[in-house]
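Just so you know, all these numbers are worked out from the coordinates, no wet-lab data involved. Worth saying up front: this structure is predicted, and the values here are computed from it rather than measured. All Cβ positions, glycine included, derive from the backbone under ideal geometry; neighbour counts span all protein chains shown.
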Amino acid sequence: MSEFRTIGSFAKQLKRVNESNSSGADVYSVTKYDGFVRSLDYFKKQVFSRDLSSYKIVKKGEFAYSTIHLDEGALGLLGDEEALISPMYTTFEVDASVERQYLAYLLKSPNLINQYGLIGQGSVNRRKSVPFSSLAELEVFIPPLPEQKKIAEILSGIDRAIEARKRTADKITTTCRFVADEILQQAKYTYGSIKIKDCANRLWQGINTAADRVEYHERGVPILQAKHITSGQIDSGGARFLCEGDYSRYSCRFQPSVGDILFTNIGTIGKSAIVTTPSKFLVAWNIFLISPSDAIESEYLHCFMQVLDQQNYFHQHAAGNATKFINKTLISELEVPLPPREEQIKICARIKALSRAAKCSQDAASKHLELKTSLSADLLSGRMRVSI
């Protein structure tokens, strides 16, 4: 007997409707990351209809997916006893030849998600839908039931390890941020503070002028955008590709120097990086450039800006509605604790050590996720078999 079967050979569509509001179950949504979630918990407000008579009833162990978002992974297996979901979802059940948790992993695997995008129906101008009739025709790997259960156990175990690692990483990261803030607050209490405008030789933001655009376009000078500044690093390699792009949105005045701090004010708000080598790029209009004076160490000021970013300070103080941005006044008026330069170096070293500890814990969680991605691809396709 072939171990590759069509989904329709073991799954049947359900059309159980909440007629006369017979069910008192909570309303759920089906999301791409978390599967079934209570709508009120997820959205923090009521987004569903008051009239639930057309909603579908889902029982424990049954599946549902978003007909127009299946290609994003919006599919779930209900673990609670009963749920109500919008008519926009498609529901189905499977027979006893299939382990439900195994199938849940299989249906959300990258290989299947790619196939959903190919079988969608509809015009190119609207989101394509995947009716159950099309889903039912897909052929998937269904090994013997004991092997399905073993695979599900393996992947569930990895999921539990990932969650444990994430919780540990979150605790360590929160602790590190708290300690870093305490260090800076103690320095401010002991030594006082200074505003950035008073400890910077230059505090600059790009000015959008046609002259700049024409000059640098003709010279082919690479321009660094906000998106090239993440996690304290500068992706200067990415900046080179801007030479071939449209310069109408970019402008720049000068080339950064070693020790200057670049700070993003639009888009990836609050990310900063320090220039450690002679740069070969110019700065776009969506970046502030801070050139510290002799009163303050560049690395220390950079650490201070990163701590504020980790505390979400800049997003909380950003202006604008559709597009959030940081204005120059906010940066100018920021008060930085100002201990002696020797103490600044020590504080910076301590904050960097805390950042490394937080990153190590986050990397450990990411490695578990990479393991699951690699292993599940092999197990769910039949390339790797498990002994029973």
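The table for this structure:
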{"item": "Relative contact order (%) - criterion: Cα under 8 Å, at least six apart; region: the chain", "result": "17"}
{"item": "Degrees between helix 145-191 axis and first principal axis of the chain (Cα, 0 to 90, nearest 10)", "result": "20"}
{"item": "Pair C360, S53: separation of 7 Å Cα→Cβ label points (nm)", "result": "6.3"}
{"item": "Overall Cα dimensions of the chain, principal axis frame, Å, largest first", "result": "75, 48, 48"}
{"item": "T268/S156 FRET efficiency (R0 41 Å; Cβ-Cβ; nearest 0.05)", "result": "0.70"}
{"item": "Between 0 and 90°, nearest 10: helix 210-219 axis offset from the chain longest Cα axis", "result": "80"}
{"item": "Over 19 Å (Cα to Cα) - which of K128/K372; K166/K359; K45/K166 fall in this group", "result": "K128/K372; K45/K166"}
{"item": "Cβ-Cβ FRET estimate between E19 and L369, R0 fixed at 35 Å, reported to 0.05", "result": "0.25"}
{"item": "0 to 90° range, to nearest 10: angle between helix 110-119 axis and the chain longest Cα axis", "result": "70"}
{"item": "Out-of-range pairs (alpha-carbon distance over 19 Å; input K59/K150; K12/K59; K227/K324; K188/K346)", "result": "K59/K150"}
{"item": "Sites excluded, GluC sites (Glu not before Pro) in DSSP loops with at most 14 other C-beta within 10 Å, longest stretch of the chain", "result": "138-388"}
{"item": "Sum of -39500 (n - 2.57) over DSSP H runs of 4+, divided by residues of the chain (222 nm, nearest 500)", "result": "-12500 deg cm²/dmol"}
{"item": "The range 255-270 residues near the modelled N201 label - backbone nitrogen below 19 Å, point 7 Å along Cα→Cβ", "result": "255-263"}
